[in-house]
Each structure stands twice: as C-alpha cells, then as structure tokens.
Ligand SMILES: Nc1ncnc2c1ncn2[C@@H]1O[C@H](COP(=O)(O)OP(=O)(O)OP(=O)(O)O)[C@@H](O)[C@H]1O
C-alpha cells in the first residue's frame with residue numbers, strides 16, 4: 001500500500017535532512033502511529049506520501065504507483081485515494097457542515113444525486129446527523145474535527161493520513177475521535193496518524209513507527225509511545241540518570 005525505499009528528504013537551505021534513509025512498508029488495512037519529537041520528520045513523511053513534496057533520494061510507492069513517475073497532471077486523481085486530517089481542522093468558515101463535506105465532492109465532479117446521498121450518510125457515521133446546517137464556528141473542536149474527518153472519508157479513500165488530529169482536543173473528545181478513526185480502519189481504510197499523544201498510543205496498542213532526526217529508530221507491532229527496548233543513549237541523549 002505504501003513503500004519507502006531508502007528515502008531521504010533535504011529541504012533547500014537546511015543542512016540536516018528531515019528524513020534520512022527511511023525504508024518501510026505499510027500494508028492495506030493497517031493502523032500506524034508515527035511518533036517522535038517535534039521536528040523528527042513526521043509531517044514530512046505524510047507530505048511525501050501525498051506527493052506534496054518530492055524525496056531528495058529514494059523511491060516511494062503508494063497504491064501501486066511509483067510517485068517519481070507520476071506526472072503532475074495525474075496528481076489530483078492520485079490524491080482522490082487519500083484522505084487527510086489536520087490538527088487545526090481546516091474547515092471552510094463560510095460553509096455549513098453539509099457544504100464543507102459536499103464541496104470536496106463537487107470539486108472532483110461528483111453528481112448532485114451522489115452528493116445528496118453520500119453527505120448525509122457520512123455525517124451520520126461521524127455522529128453529526130443533527131448538525132448539518134451549522135457553521136464551523138457554531139461547533140465544538142471535537143465536532144469540527146468530525147466534520148474534517150467526514151470530508152476526508154466521504155469519497156472512501158484507501159488511506160487516511162492524520163497529522164495530530166487530537167492535538168487541539170481534550171482527552172474525552174480525543175477518545176471519541178480515536179473511536180471514529182478505529183471504526184474507519186475496521187471498514188478497510190489504512191490509517192496513518194502522527195501524534196504526540198502518549199495516552200492514545202499506549203491505549204490503542206497498534207503499530208508504532210518512531211522517528212528521531214529523520215531516521216526510523218523503532219518499528220513495533222503493538223507498541224507504546226515509548227519503549228524500554230531502545231538504548232536511549234544511542235540516540236544522542238546525554239541524561240546521566242538514564243545511562
Ligand atoms: N517546508 C520546509 N522547508 C524547510 N524545512 C522544513 C520544511 N518543513 C519541515 N522542515 C524541517 O524538516 C524537519 C522535520 O520537520 P517536520 O515538520 O517533518 O517534523 P514533525 O516531526 O512533523 O514535527 P512536529 O511534531 O513539530 O509537527 C524540521 O527540522 C523542519 O524544520
């Protein structure tokens with residue numbers, strides 16, 4: 001579903017790469033947490049999967065496509081298979097809940113009939129059936145994130161990328177969002193979520209990929225946010241108490 005072969009990403013003007021020789025494979029239907037300190041390369045990883053950035057070295061395959069050979073004309077079609085959710089929701093403030101979700105289908109040319117059926121269905125799935133006519137500013141943070149998730153999945157993407165989707169939410173609301181992401185995953189969508197939320201990662205016990213300075217330092221099947229398995233002193237920390 002997603003394969004990185006020796007991928008490095010160096011942004012122009014930087015001396016250190018954001019991703020450094022990353023190789024990994026993510027299979028259909030997996031739920032994967034991407035963890036690591038701020039600046040470790042999580043968002044860069046997600047942007048490379050979306051082909052929003054190009055790798056400086058290495059190859060990336062997503063859904064059977066080698067992204068390096070995908071022409072820019074075909075990128076919008078390719079992205080239809082990917083849903084994306086961000087920490088700050090990114091809803092259109094002048095549009096209702098219904099129209100925020102409908103808009104993503106209008107821009108890809110879906111018919112009125114399709115939209116009239118698909119949007120209420122997905123809003124019901126995320127628990128917002130009663131709020132279709134509200135505007136984003138009339139919703140709580142958790143509800144706004146549910147709208148953003150509805151928008152991301154309404155076209156039934158094979159992969160959902162979530163960049164700190166609970167970063168602005170309290171623990172109870174976050175748990176509701178995780179429940180929703182879990183249901184989406186059970187429905188067959190591969191979910192990749194970058195997060196700093198240790199409680200969520202520890203509770204879910206899913207695959208955890210940890211980045212440090214752009215390198216994979218851990219890839220655990222049922223991991224927690226942190227693990228004793230890593231020799232911490234090996235990654236440049238000089239805390240005498242730990243060593
Ligand atoms: N567009 C860019 N131009 C230049 N440097 C960038 C760009 N985007 C990211 N970087 C750099 O690449 C490195 C990795 O950043 P990235 O945003 O991928 O990390 P992150 O793990 O997602 O961090 P956070 O948890 O804070 O979101 C950082 O050193 C960052 O400053």
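Here the residues 77, 225, ranked from fewest to most Cβ neighbours within 10 Å of their Cβ, fall in the order 77, 225.
Largest GNM mean-square fluctuation among 74, 51, 124, using the chain with Cα springs under 10 Å: 74.
In this label model, residue 16 and residue 133 are separated by 5.4 nm, measuring between points 7 Å along each Cα→Cβ vector. Taking every DSSP bridge with both residues inside the chain, close to 50 percent are antiparallel.
Using the Cα coordinates of region 1-102, the gyration tensor eigenvalues translate into equivalent-ellipsoid semi-axes of 25, 18, 15 Å, sorted from longest to shortest.
Using 0.36 nm per residue and subtracting the Cα-Cα separation, the extra length available between residue 69 and residue 25 on full extension is 13.9 nm. Extending 7 Å from the Cα toward the beta-carbon at both residue 170 and residue 95 defines two label points whose distance is 3.0 nm. For the pair residue 221 and residue 179, the difference between a 0.36 nm per residue extended length and the Cα-Cα distance amounts to 13.1 nm.
The angle separating the long axis of helix 141-153 from the principal Cα axis of greatest extent in the chain is about 90 degrees. Extending 7 Å from Cα along the Cβ direction at residue 124 and again at residue 81 yields two label points whose distance is 3.0 nm.
Of the peptides 32-44, 163-175, the order by per-residue mean of other Cβ atoms within 10 Å, starting with the highest, comes out as 32-44, 163-175.
Sorted ascending by nearby beta carbons within 10 Å, beginning with the fewest, 5, 197, 202 become 202, 5, 197. The C-alpha atoms of the chain define a longest principal axis, and helix 171-186 lies at about 80 degrees to it. Report, in degrees rounded to the nearest 10, the 0 to 90 angle that the Cα long axis of helix 97-106 makes with the longest principal axis of the chain. The answer is roughly 80 degrees. Translational diffusion of region 170-217 was estimated from the Stokes-Einstein equation, with Rh taken as the Kirkwood radius over Cα pairs; at 4 °C and 1.567 mPa s the coefficient is 108 µm²/s.
Each value in this text was obtained by applying a stated rule to the coordinates, not by laboratory testing. Note that this is a predicted model, so its numbers are computed, not measured. Cβ coordinates were reconstructed from backbone atoms using ideal geometry, including for glycine residues, and neighbour counts include every protein chain displayed.
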